[in-house]
Amino acid sequence: MLRRLSFPAAVFAVTVGWMALQKPLFLLFYHARAASASAADWWAVVRHGLSLDCTVAGYVAAVPALAVLASWWMPDSWCGAVRRAVRCWLALAAVATAAIFAVDLGLYGYWGFRLDGSVLVYLSDPKEALASVTWGEALRQLAVFALYGGGMAATLLPLVSLLGCGGGARPARVRACGSLLSLLLCGVLFLAIRGGVTVAVANVSKVYFSKDMFLNHAAVNPVFSFLSSAGDRREYAAAYPFFGEERRRELFDDVRGNRPGADDGTLPLLRTQRPNVVLVLLESFGRTIMDDTVGGRPVMPNMQRLKSEGVWFENFFANSYRTDRGEVAVLCGFPAQTTMSLMKLPRKNATLPSLARSLGREGYRSLFVYGGDLNFTNQASFMYATGWERLLWQKQMRLDAPTSKWGYADDVVADLFADEVEALSRAGEPFLAGWLTLSSHEPFDVPYDAFDDRLLNAMAFTDAQVGRLIDRLKASPAWDDLLVVLVADHAYPYPEGLSYNEPLRHRIPMLWLGGAVAGPAEVETYASQIDLCATLLAQLGISHEEFDYSKNIFGSEPPRRFGYWCFSDGFGFIDEAGETVYDHTAGRVVRSDGAGCEERL
């Protein structure tokens with residue numbers, strides 16, 4: 001029995017070994033770029049890459065595991081056919097893995113990212129695709145394919161002998177016991193395929209660990225990278241063909257934020273031009289919740305208190321309804337998409353402008369803190385790709401505190417974040433520190449008892465922690481040179497029945513606080529998350545010419561000022577003249593005040 005059960009386990013272990021071998025081979029192949037990597041870096045590449053290696057190995061071992069499960073009950077006469085089928089599967093896995101590895105190894109030097117589904121675009125015209133490949137390069141990659149594939153097949157195929165086949169005359173209890181153990185083994189493989197038991201399923205972000213993107217790329221399993229993206233064939237650029245290119249360019253020129261003179265006469269808000277920046281992304285903090293009261297008690301008393309102490313943005317809007325899209329808008333000044341998430345496209349992330357990268361070029365250190373799993377929706381890879389130097393999240397915190405579904409509650413993380421901010425301030429270098437809260441996310445499980453409504457109670461809990469954080473920083477020497485930006489990642493459909501596409505659904509708070517702020521003010525200008533990057537960089541005297549979509553709210557001659565949001569296959573626009581919402585699925589404007597909506601949209 002144990003011999004038979006060892007078959008899928010052996011296939012899994014051998015496959016993991018071959019997948020892990022790709023990492024040092026990749027580093028050796030690109031030895032010039034890996035020259036500065038230490039032995040510890042090489043080991044880190046292998047170690048962090050194991051999660052996706054196990055995912056791929058889980059898929060390879062799944063067929064052997066199912067064969068073992070079926071073998072307890074099948075007739076002995078079927079054994080030969082089953083073994084041949086399993087051999088074919090393992091041979092196919094070896095050939096496919098070798099082909100993907102060889103192609104990826106050759107293309108990375110040209111593309112700068114690991115193999116993904118975009119390579120399929122070029123297979124429609126292989127002659128053009130191979131036009132720049134020399135015979136030497138082709139032969140080299142064929143040799144890699146043959147050696148790697150041959151070695152993998154030579155170690156996998158002999159394992160089929162472990163597959164004892166057929167139920168034969170075995171007692172029913174033995175077969176039942178074998179079936180139960182086989183099912184448990186299948187469950188273990190499922191967890192390997194899924195990527196563990198946390199909320200974050202297997203994705204490329206799980207292996208990112210360094211601010212050096214080459215090391216992160218080295219840790220990626222190219223088989224996973226290719227197969228996970230091969231089925232995504234949507235052409236986003238052609239999704240909304242409303243205008244020809246010339247007309248589109250003409251219309252866009254009126255709304256882009258990096259036009260010449262965009263920062264002329266910028267109204268100064270700060271006492272110092274180069275403050276330390278703390279950016280707090282407030283999970284699900286919608287204005288409909290922030291402005292609500294229960295029995296005369298404000299749901300968010302701290303936000304209400306603090307809004308009078310800093311620069312308050314009254315007409316500010318989230319770009320989307322999800323954290324991954326809101327983060328891209330806030331941190332990169334790039335509009336959220338209606339039916340996709342740029343955060344899930346590692347290759348695109350590396351090309352985005354970003355607040356962290358712009359400040360990094362000016363000598364700012366950067367740290368991002370999250371009490372949960374940054375692998376969720378590829379956040380870790382996005383952060384590293386857009387220039388954040390250090391990530392501190394659940395797996396590194398190891399706090400003596402309970403966790404919820406999403407991770408550590410905001411009260412313990414607020415204290416940790418304050419410690420980090422004060423330490424960065426004492427270090428004497430300018431810094432950007434970010435924190436994404438999480439307790440105000442469903443299922444709203446928090447150690448707090450302020451309101452009977454779970455949603456409002458969780459929002460009140462995070463509001464209390466934000467208030468504690470600000471009060472602690474005020475009492476710290478760090479406060480004098482600090483600019484604290486509080487902004488929501490998105491809003492929440494509250495109260496119940498609030499339509500997903502109307503402006504109130506996407507209206508959020510943004511507040512600038514800190515000793516670096518010259519004084520309190522209320523800003524009535526309509527704006528959205530994409531405008532934070534240009535507005536902040538302009539206050540610091542730093543160019544934001546890379547940010548096509550981000551507008552400096554305080555320029556003397558700004559582009560058109562408006563709020564923008566999107567939802568599934570639709571988008572909205574609001575300015576001082578009114579609002580317009582277009583639902584592309586319906587093919588029409590579904591909300592409008594009737595005042596020039598065609599011009600605004």
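The values are calculated or read from the model by the stated rules, or taken from the named source; none is laboratory data. Keep in mind it's a predicted model, so treat the numbers as computed, not measured. Cβ atoms come from the backbone with ideal geometry, glycine included; neighbour counts cover every protein chain shown. SASA here: full protein model, heavy atoms, side chains in, ligands and nucleic acids out. Shrake-Rupley method; radii C 1.70, N 1.55, O 1.52, S 1.80 Å.
Every residue in segment 254-271 that is in a loop (DSSP other than H, G, I, E, B) and surrounded by 15 or more Cβ atoms within 10 Å (Cβ to Cβ), please.
Narrowing segment 254-271 to residues in a loop (DSSP other than H, G, I, E, B): 254-269, 271.
Within segment 254-271, Val255, Arg256, Gly257, Asn258, Arg259, Ala262, Asp263, Thr266, Leu269, Arg271 meet the criteria.
Among the listed residues Ala478, Ala518, Ala488, which satisfies the condition of being small (Gly, Ala, Ser) and under 29 Å from the mean Cα position of the chain (by Cα)? Give the steps one after another, and end with the answer.
Working: Ala478 fails: under 29 Å from the mean Cα position of the chain (by Cα); Ala518 fails: under 29 Å from the mean Cα position of the chain (by Cα).
Of Ala478, Ala518, Ala488, the one residue that is small (Gly, Ala, Ser) and under 29 Å from the mean Cα position of the chain (by Cα) is Ala488.
Which of the residues that make up segment 554-574 are at pLDDT 90 or above and either open to solvent by less than 10 Å² (accessible area, probe 1.4 Å) or under 25 Å from Tyr236 (Cα atoms) (or both)?
Within segment 554-574, the first condition is being at pLDDT 90 or above, and the residues that meet it are 554, 562-566, 571-574.
Hits for segment 554-574 are Phe562, Gly563, Tyr564, Trp565, Cys566, Phe571, Gly572, Phe573, Ile574.
Look at Phe451 and say whether it is touching a residue at least 24 places away in the same chain (Cβ under 8 Å) and within 30 Å of Gln273 (Cα to Cα). Let's see the steps before the verdict.
Details: touching a residue at least 24 places away in the same chain (Cβ under 8 Å): yes; within 30 Å of Gln273 (Cα to Cα): no.
No: the conditions fail for Phe451.
Taking the conditions exactly as written (touching a helix residue (DSSP H, G or I) at 6+ places or on another chain (Cβ under 9 Å), part of a loop (DSSP other than H, G, I, E, B), of a type outside the set (Lys, Arg) and open to solvent by less than 40 Å² (accessible area, probe 1.4 Å)), does Ala10 satisfy them or not? Break it down stepwise before answering.
Working: touching a helix residue (DSSP H, G or I) at 6+ places or on another chain (Cβ under 9 Å): yes; part of a loop (DSSP other than H, G, I, E, B): no; of a type outside the set (Lys, Arg): yes; open to solvent by less than 40 Å² (accessible area, probe 1.4 Å): yes.
Taking the combined requirement at face value, the residue does not satisfy it.
Give the residue, chosen from Val63, Val68, Val14, that is over 22 Å from Asn203 (Cβ atoms), of a type outside the set (Ser, Thr, Tyr) and modelled with pLDDT under 90.
Working: Val63 fails: modelled with pLDDT under 90; Val14 fails: modelled with pLDDT under 90.
Just one listed residue meets the conditions, Val68.
Tell me, please, whether a residue that is in a loop (DSSP other than H, G, I, E, B), free of Cβ contacts under 8 Å to residues at least 60 places away in the same chain and under 31 Å from the mean Cα position of the chain (by Cα) can be found in segment 563-579. If you could, list the steps in order and put the result at the bottom.
Here is the first cut: in segment 563-579, the ones in a loop (DSSP other than H, G, I, E, B) are 568-569, 576-577.
In the following step, the residues that additionally are free of Cβ contacts under 8 Å to residues at least 60 places away in the same chain were identified as 576-577.
If we keep only those that are under 31 Å from the mean Cα position of the chain (by Cα) as well, we get none.
Checked against the condition, which is being in a loop (DSSP other than H, G, I, E, B), free of Cβ contacts under 8 Å to residues at least 60 places away in the same chain and under 31 Å from the mean Cα position of the chain (by Cα), segment 563-579 yields no hits at all.
Just wondering, is there one or more residues in segment 265-272 that are among the hydroxyl-bearing types (Ser, Thr, Tyr) and in contact (Cβ under 8 Å) with a residue 12 or more places away in the chain?
Going residue by residue through segment 265-272, those that are among the hydroxyl-bearing types (Ser, Thr, Tyr) are 266, 272.
Next, from what is left, pick out any that are in contact (Cβ under 8 Å) with a residue 12 or more places away in the chain: 266, 272.
Checked segment 265-272: at least one residue is among the hydroxyl-bearing types (Ser, Thr, Tyr) and in contact (Cβ under 8 Å) with a residue 12 or more places away in the chain.
Which residues, taken from segment 327-337, are over 11 Å from the mean Cα position of the chain (by Cα), closer than 14 Å to His490 by Cβ and either open to solvent by less than 10 Å² (accessible area, probe 1.4 Å) or among the aromatic types (Phe, Trp, Tyr) (or both)? It would help to see each step written out before you state the result.
Just the residues of segment 327-337 that are over 11 Å from the mean Cα position of the chain (by Cα), to begin with: 329-337.
Still in the list and also closer than 14 Å to His490 by Cβ: 329-331, 335-337.
Once the filter is applied, which keeps residues that are over 11 Å from the mean Cα position of the chain (by Cα), closer than 14 Å to His490 by Cβ and either open to solvent by less than 10 Å² (accessible area, probe 1.4 Å) or among the aromatic types (Phe, Trp, Tyr) (or both), segment 327-337 yields Ala329, Val330, Leu331, Ala336.
Take the residues of segment 52-90 that are open to solvent by 50 Å² or more (accessible area, probe 1.4 Å) and part of a loop (DSSP other than H, G, I, E, B): which is nearest to Val174 (Cα to Cα)?
Trp73
Can you tell me which residue in segment 469-485 is nearest to Gln304 (Cα to Cα), limited to those that are free of Cβ contacts under 8 Å to residues at least 60 places away in the same chain and not in a loop (DSSP other than H, G, I, E, B)?
Here is the first cut: in segment 469-485, the ones free of Cβ contacts under 8 Å to residues at least 60 places away in the same chain are 471-472, 474-477, 479-480.
Add one more test, that the residue is not in a loop (DSSP other than H, G, I, E, B), and what stays is 471-472, 474, 477, 479-480.
Details: Asp471: 14, Arg472: 18, Lys474: 17, Pro477: 25, Trp479: 20, Asp480: 22 Å.
For segment 469-485, the residue satisfying everything is Asp471.
What pairs come out if I take residues in segment 513-531 that are among the polar types (S, T, N, Q) and pair them with residues that are buried (at least 22 other Cβ atoms within 10 Å of the Cβ) and assigned to a strand (DSSP E or B) whose C-beta lies under 6 Å away, six or more apart or interchain?
Hits for this filter: Ser528/Phe317; Ser528/Gly563; Ser528/Tyr564.
Looking only at segment 141-182, count every residue that is open to solvent by 60 Å² or more (accessible area, probe 1.4 Å), modelled with pLDDT under 80 and within 15 Å of Ala70 (Cβ to Cβ) and tell me the total.
Number of matching residues: 1.
For segment 195-253, which fully contained helices (runs of 4 or more DSSP H) count at least 3 residues that are surrounded by fewer than 12 Cβ atoms within 10 Å (Cβ to Cβ) and either without any contact (Cβ under 8 Å) to a residue 24 or more places away in the chain or more than 20 Å from the chain's Cα centre (by Cα) (or both)? It would help to see each step written out before you state the result.
On the way: elements: 213-219, 222-230, 245-252.
Correct list: 245-252.
Is segment 32-45 home to any residue that is farther than 26 Å from Gln141 by Cβ, open to solvent by 40 Å² or more (accessible area, probe 1.4 Å), of a type outside the set (A, V, I, L, M, F, W, C) and touching a residue at least 40 places away in the same chain (Cβ under 8 Å)?
No, the conditions are met nowhere in segment 32-45.
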